[in-house]
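Q: The structure that follows is given in the form of structure tokens.
The values are calculated or read from the model by the stated rules, or taken from the named source; none is laboratory data. This one's a predicted model, so the numbers in the text were calculated from it and none came from an experiment. FYI the Cβ positions are ideal-geometry reconstructions off the backbone, even for glycines, and counts take in every protein chain you see. For accessibility, only protein heavy atoms count, side chains too; no ligands or nucleic acids. Shrake-Rupley method; radii C 1.70, N 1.55, O 1.52, S 1.80 Å.
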Amino acid sequence: MKQHHIIRDGVTLFALESGPADGPAVVFLHGLGMDGAIWDDVVAQLPDGLRYIRLDMRGHGQSDVSPAPYSMGALISDCEAVCDALNVRDAVIVGLSIGGLIAQGLAVKRLDLVRALVLSNTAAKIGRPEIWQARADAVQRGGIGAIADDTVARWFGPRGRLEQMAAARARLMRCDPVGYAGCSAAIGGTDFWTPTSGLRLPCLGIAGAEDGSTPPDLVRETTDLIPGSRFALMRRVGHVPPLQDAQGYAALITQFLTEIVHG
């Protein structure tokens, strides 16, 4: 396991790398309020011989917290800088929620970096700007606790397992409010319906049947923008499949990697 600290425009970005340095790359981009550690149980069940890179986006995990708000362009450039610094090319990008927005933007900007996409619990546009502004305002006034309960309820739905919800809430509470607010602004300012519709590359969409943040129809509508994409619905799972069914999630990604012969 290698730890990387990559500086872009004065912001230090943290990435964790495992697997052979010359293996085909798979890059993981987490959701809002989380960090790269959410992928640990998934990566442990993926095929050997691949190079797995887990990035903490700015304002999250071990990456620097720069002043809010953030633009989606800055978050995409962060991921681009990490890929360039680590000599990543032709990677499969697995993006969850805001990570899926970053993945779409990266594919549009730097197709040399992206061979295929896994768009998980995400969309080309997520929610309305005023909703994200309200959440940013709430955490800057009252900390993450101001939005934690409502957020976890949306993530897991009414049938969520209490122990998983408690663990996810504890993770969320570790997020810096400035980082959360900054990324909320980036989501609110992003509409990728047109750019994503121009992509031509292998794509797998994954949705959770209980997801109240990015419902299955929204995920399917986004992946359908990319010709030839396929869609998988995970039952009894909400917005954060890596924390709810890592085994089933890893199986879907493994099948996709096999289908596109990545490895």
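Q: In region 1-49, what count of residues is obtained for those that are assigned to a strand (DSSP E or B) and among the aliphatic types (A, V, I, L, M)?
A: Total satisfying the criteria: 10.
Q: Another one. Is there any pair with a first residue in region 198-221 that is more than 17 Å from Arg235 (Cβ to Cβ) and a second that is polar (S, T, N, Q) and open to solvent by less than 10 Å² (accessible area, probe 1.4 Å) whose Cβ atoms are under 6 Å apart and which are 6 or more apart or on different chains, and what are they?
A: That search, which allows pairs on different chains as well, returns Cys203/Thr223.
Q: Being open to solvent by 10 Å² or more (accessible area, probe 1.4 Å) and closer than 12 Å to Val118 by Cα is the filter here, so list the residues in region 221-231 that pass it.
A: Once the filter is applied, which keeps residues that are open to solvent by 10 Å² or more (accessible area, probe 1.4 Å) and closer than 12 Å to Val118 by Cα, region 221-231 yields Ser229, Arg230, Phe231.
Q: Identify all residues within region 234-257 that are within 17 Å of the chain's Cα centre (by Cα) and open to solvent by 50 Å² or more (accessible area, probe 1.4 Å); write none if there are none.
A: Asp245
Q: On to the next question. Kindly indicate whether any position in region 223-231 is in contact with a Lys or Arg (Cβ under 6 Å, 6 or more places away or on another chain), among the hydrophobic types (A, V, I, L, M, F, W, C) and more than 25 Å from Asp35 (Cβ to Cβ).
A: yes
Q: Given the condition in contact (Cβ under 8 Å) with a residue 24 or more places away in the chain, under 23 Å from Asp211 (Cβ atoms) and aliphatic (A, V, I, L, M), answer yes or no: does some residue in region 57-67 qualify?
A: The answer is yes, given that some residue of region 57-67 is in contact (Cβ under 8 Å) with a residue 24 or more places away in the chain, under 23 Å from Asp211 (Cβ atoms) and aliphatic (A, V, I, L, M).
Q: Continuing with this model, one more query. Within region 208-217, does at least one residue satisfy the condition of being assigned to a loop (DSSP other than H, G, I, E, B), open to solvent by 10 Å² or more (accessible area, probe 1.4 Å) and of a type in the set (A, V, I, L, M, F, W, C)?
A: yes
Q: When you scan region 148-193, how many residues do you find that are in contact (Cβ under 8 Å) with a residue 24 or more places away in the chain and part of a helix (DSSP H, G or I)?
A: Here the count works out to 25.
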